[in-house]
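Read-outs: derived from the displayed coordinates by stated rules, not from any lab. None of these values were measured; they are calculated from a predicted model. Here Cβ is always computed from backbone atoms with ideal geometry, including for glycine, and neighbour counts include all displayed protein chains.
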Ligand code: KIV
């Protein structure tokens, strides 16, 4: 199993790879491909559950998907992305929710969309043995505050705020940091300034690793952000397979003899 120590050792030597997964078959594919970290992102809300944002994702949703991914994963580190308001309001509730992912569902760590409100919480979780991945830059759980999904850290003040929070979470013991949709030079500077590995999404090549949403990476999403890349056309493959199935059933070509069986010893039923 990939551990927090393995990631720290890899940082700066070889790029760290991270992809999201939300179900067992996808996790098995991602794990067998040698990806270091599988993030059960709250992007499950948009990618799988049909919501427009990640906000409606519940702790129970997250638990169900984390369990499925953990059962199918042998080598990668499994990180549970804590959903909106499952942390940040009340420390005991946050620890209970995060602890459930490790104790009951088999996660190895949690991710918190970070801010000033998660510095002490990160420290406390780490003290208790819950490894925490921080997340700065664009934090989609703030969609209503932002009024969309704008780039972050694009002016001096914004860039300095990200750097300051990155240092605070590093000091608090976070084992890595996701940097989302920030300028490449800001991400590179943050990477140089902190001890924990950084993992970028829309943050340029200067991070210690990269993460994408699985559905965007394989070409299953209808829409994906400009910083993402489609490495396949899974949507096209699925559309073709489903169209072939419909054609075959409608034409009477499926099921054929090889897909059917007969019970030879039966009397006529009627
Ligand atoms: O939920 C998610 O998939 C994420 C990644 C985009 C980092 O937070």
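Across the stretch 153-270, C-alpha contacts under 8 Å between residues 6 or more apart give a mean separation that, scaled by the residue count, equals a relative contact order of 15 percent.
Peptides 207-216, 54-63, 247-256, 233-242 ordered by packing proxy, namely the average of other Cβ atoms within 10 Å per residue, highest first: 207-216, 54-63, 233-242, 247-256. Would you mind checking the stretch 121-137 for residues with the amide N under 11 Å from a putative spin-label position 7 Å along Cα→C-beta of residue 1? None, by backbone N distance to the label point.
Under 1.5 on a/c is rounded, so check that first for the stretch 89-248, then, if it is not, pick prolate when a/b is larger than b/c and oblate when it is not; a ≥ b ≥ c are the square roots of the alpha carbon gyration tensor eigenvalues. Oblate, because a/c is 1.5 or more while a/b does not exceed b/c. A simple spin-label model places the labels of residue 192 and residue 8 2.3 nm from each other, with each point 7 Å out along Cα-to-Cβ. Taking the Cα centre of each part, how many Å lie between the stretch 254-270 and the stretch 1-55? Computed from Cα coordinates, the inter-centre distance equals 46 Å.
Under the classification rounded if a/c is under 1.5, otherwise prolate if a/b is larger than b/c and oblate if not, where does the chain fall, given a ≥ b ≥ c as square roots of the Cα gyration tensor eigenvalues? In terms of gyration-tensor shape, prolate.
Full extension from residue 154 to residue 75: what is 0.36 nm times the residue separation minus their Cα-Cα distance, to one decimal in nm? Can you show the working numbers first?
Values: separation 79, 0.36 × 79 = 28.44 nm, distance 3.69 nm.
Here the segment from residue 154 to residue 75 would lengthen by 24.8 nm.
Put a dot 7 Å past the Cα of residue 268, heading toward its Cβ, do the same for residue 91, and the two dots end up 8.1 nm apart. Work out the FRET efficiency for residue 171 and residue 230 from their Cβ-Cβ distance, taking R0 = 30 Å, and round it to the nearest 0.05. So the FRET efficiency works out to roughly 0.20.
Our estimate of slack between residue 23 and residue 120, defined as 0.36 nm per intervening residue step minus the Cα-Cα distance, is 31.7 nm.
How high is the relative contact order of the chain, in percent, counting Cα pairs under 8 Å that sit 6 or more residues apart? Spell out each step's value before the answer.
Numbers: 486 pairs, mean separation 40.1, N = 270.
Value for the chain: 15 percent.
From helices alone, the chain scores -12000 deg cm²/dmol at 222 nm; the rule is -39500 (n - 2.57) for each run of n ≥ 4 DSSP H residues, then divide by the residue total.
For residue 238 and residue 146 in one chain, what is 0.36 nm times their gap in residues minus the Cα-Cα distance, to one decimal in nm?
Numbers: separation 92, 0.36 × 92 = 33.12 nm, distance 3.49 nm.
Going from the current span to full extension adds 29.6 nm.
If you take the square roots of the eigenvalues of the alpha-carbon gyration tensor of the stretch 184-270 and sort them as a ≥ b ≥ c, do you get rounded (a/c under 1.5), prolate (a/b over b/c) or oblate? The partial results should precede the final answer.
On the way: a/c = 7.12, a/b = 3.32, b/c = 2.14.
Verdict is prolate for the stretch 184-270.
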